[in-house]
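The values are calculated or read from the model by the stated rules, or taken from the named source; none is laboratory data. Just so you know, these numbers come straight off a predicted model, no measurement behind them. In this analysis, Cβ positions are derived from the backbone assuming ideal geometry, glycine residues included, and neighbour counts consider all displayed protein chains. SASA here: full protein model, heavy atoms, side chains in, ligands and nucleic acids out. Shrake-Rupley method; radii C 1.70, N 1.55, O 1.52, S 1.80 Å.
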Amino acid sequence: MATTTYLLTKTPNSSGECQIILRTYIRHDYRLRVQSGIWVNPKRWGKKNNITIPVIEGEEQQDLLKKKELLKKLTAFIENAVATASDRNALDRTWGERQVKAFYKPPKAKREDEKSFFDIIDEYIAKHKLSEQRLKNFKVLTRCLKRFELYKRKTGGRGFKLNLSSLNPEQLRQIDEFLANERQVFLQFPEIYEEVPYSAKIAVKTPKRKRPPVLDEEGNEVPKGIPKERGQNSIADMMNRFRAFILWANDKGYTANNPFKHYSIGEIVYGTPIYISNEERNRLYETDLSDDPALAVQRDIFVFQCYIGCRVSDLYKMTERNIIDGAIEYIPRKTKEDRGITVRVPLTKIALEILARYRDPVRETLLPFYSEQKYNVKIKEAFKRAGLDRMVTTIDQRTRQEVQRPLYEVASSHMARRTFIGNIYKKVKDPNLVGSLSGHKEGSKAFARYRDIDEEMKKELVGFLD
């Protein structure tokens, strides 16, 4: 523990007062000596090296009492700084002088209305109720906005900073454009992405085995950490999150400015959900993949997901404890903060068969999962091996144009959820009943996308024209 003793300088000032010197213990071979900025008359400096207070009340007594209290507070400030220092070997005279300066002129605390743009975002993240996934998505947006600031400074906006009061529709348009073109920005200004990485995972450097470089379609090496091209739906979703933050800042009184009043966010457009039929699901399950056991495992997990209809994030969190009386029970992570409703899905014969095949009391997870990215790659490969290559029409999210692609190219973990919902909805067109199995909110707009009448029913209806 730091202890302090005092000395009095021998050279007086013009008022005949000498300055008190603090000697604070740092380590056994070093005591920090620093000027206190407190001056006293040597006549009022006692033999025990402290300020002596006269008995007679008066102006001198009050002045010395104030100096003694000030010295006490300064001593406590220095000793606390010593005690909390991470490296005592770095505590030299210059450090001591900085502490004395900080004691007399502490940095002004920011007033609420002086908080920076990103200070307010931090408060929004800390205080606003966000689900785990929405929090993750908002942090992605925050990193994008930080990179946008740096990009503006690189392209002529010297000293540019985002500001709630001056944010305007033109800046929103520039942010929208930046989100769409981050891939090009990365190639032009890679140093921006060293300061604020595209992915939070890139900032954490962990030793990994060396892997072959990733190549683009032309055979060129793709730089590490390069942003993915964003579709218009993704950009619109990010801008909607940004607007939600601005409205919160308006509500909290941080600004009266709402640039979104005069800015139109692009519409989020979805095509008809693509899913596989029960027959295609069975074909996939029955395909012989014994030559590739790892692929067979991921195929089985996908088929299991087709039978319970959960999101992949919920599937990855499941354990043996989620199996209760022949059913899977879970609370969807996406909506559990809004409504903690338990979803219960009875397990079919094939679902139980898959669970039995991979049951492992030692493993913490319900099934032997890969990472979500690898899982999606395996799903596409399994679809191709099963010959699920019928052409489907999808919407290119960058161009918003229709494109035709083989089914295996668009296969993903979310297709399992769509397969569960779509095939049940064909038989029972009650969104609330299906929602009780899929975890959708009652009256969810998502079900409007499943209301397409299947092809056989369409042919039957057209036949009435003959």
Quick one: dipole size for the range 25-87, taken about the Cα centre, charges +1 on Lys/Arg Cβ and -1 on Asp/Glu Cβ, in debye to the nearest 20. 240 debye
Between residue 15 and residue 317, what FRET efficiency comes out of the Förster formula 1/(1 + (r/R0)^6) with R0 = 60 Å and r the beta carbon distance, rounded to 0.05? 0.25
Could you pull out the trypsin sites (Lys or Arg not before Pro) across the range 1-108 that fall in loop regions by DSSP (anything but H, G, I, E, B) with no more than 16 other Cβ atoms inside 10 Å? 10, 47, 48, 108
Label points 7 Å out from Cα along the Cβ direction at residue 267 and residue 70: separation in nm? 7.1 nm
Could you derive backbone 3J(HN,Hα) for the range 12-26 from the dihedral phi with the Karplus parameters 6.51, -1.76 and 1.60 (θ = phi - 60°), listing whole Hz in sequence and x where the residue is Gly or Pro? x, 8, 5, 8, x, 9, 10, 7, 7, 9, 8, 10, 9, 5, 10
Show me, for the range 126-136, the HN-Hα J-couplings you get by feeding each phi into the Karplus relation (A = 6.51, B = -1.76, C = 1.60, θ = phi - 60°), rounded to Hz, glycine and proline as x. 6, 9, 7, 6, 10, 5, 4, 5, 5, 4, 4
Loop GluC sites (Glu not before Pro), the range 30-100 (other Cβ atoms within 10 Å of the site Cβ: 16 or fewer; DSSP): 57
Estimated Rh, the range 223-275: Kirkwood, alpha-carbon pairs, angstrom: 13.5 Å
So for the pair residue 229, residue 77, with labels modelled 7 Å out along Cα→Cβ, what separation do we get in nm? 5.9 nm
Report the full-extension gain for the segment residue 360 to residue 294: residue separation times 0.36 nm, less the Cα-Cα distance, to one decimal in nm. 22.1 nm
Reported to the nearest 10 Å², residue 84 has, with a 1.4 Å probe, an accessible area equal to 100 Å²
Given a Förster distance of 56 Å, the FRET efficiency implied by the Cβ-Cβ spacing of residue 125 and residue 63, rounded to the nearest 0.05, works out to 0.65
From the square roots a ≥ b ≥ c of the eigenvalues of the alpha-carbon gyration tensor of the range 292-406, which class results: rounded (a/c under 1.5), prolate (a/b over b/c), or oblate? oblate
List the pairs from 152/317; 73/129; 127/161; 136/384; 349/384; 127/374 whose alpha-carbon separation is above 31 Å, in the order I gave them. 152/317; 73/129; 136/384; 127/374
From the backbone phi of the range 357-364, what are the Karplus-calculated ³J(HN,Hα) couplings (6.51 cos²θ - 1.76 cosθ + 1.60, θ = phi - 60°) in whole Hz, Gly and Pro given as x? 5, 10, 5, 8, x, 7, 5, 6
Pick out, in residue order, every one of the GluC sites (Glu not before Pro) in the range 340-379 that is DSSP loop and has at most 15 other C-beta atoms within 10 Å; say none if there are none. 364
Segment residue 390-residue 35, length gained on full extension (0.36 nm per residue, minus Cα span): 119.4 nm
Working out 0.36 nm times the residue gap between residue 195 and residue 161, then minus their Cα-Cα distance, what length gain in nm do you get to one decimal? 10.7 nm
Probe of 1.4 angstrom, ligands and nucleic acids ignored: what's the accessible area per residue over the range 1-156, in square angstrom? 66 Å²
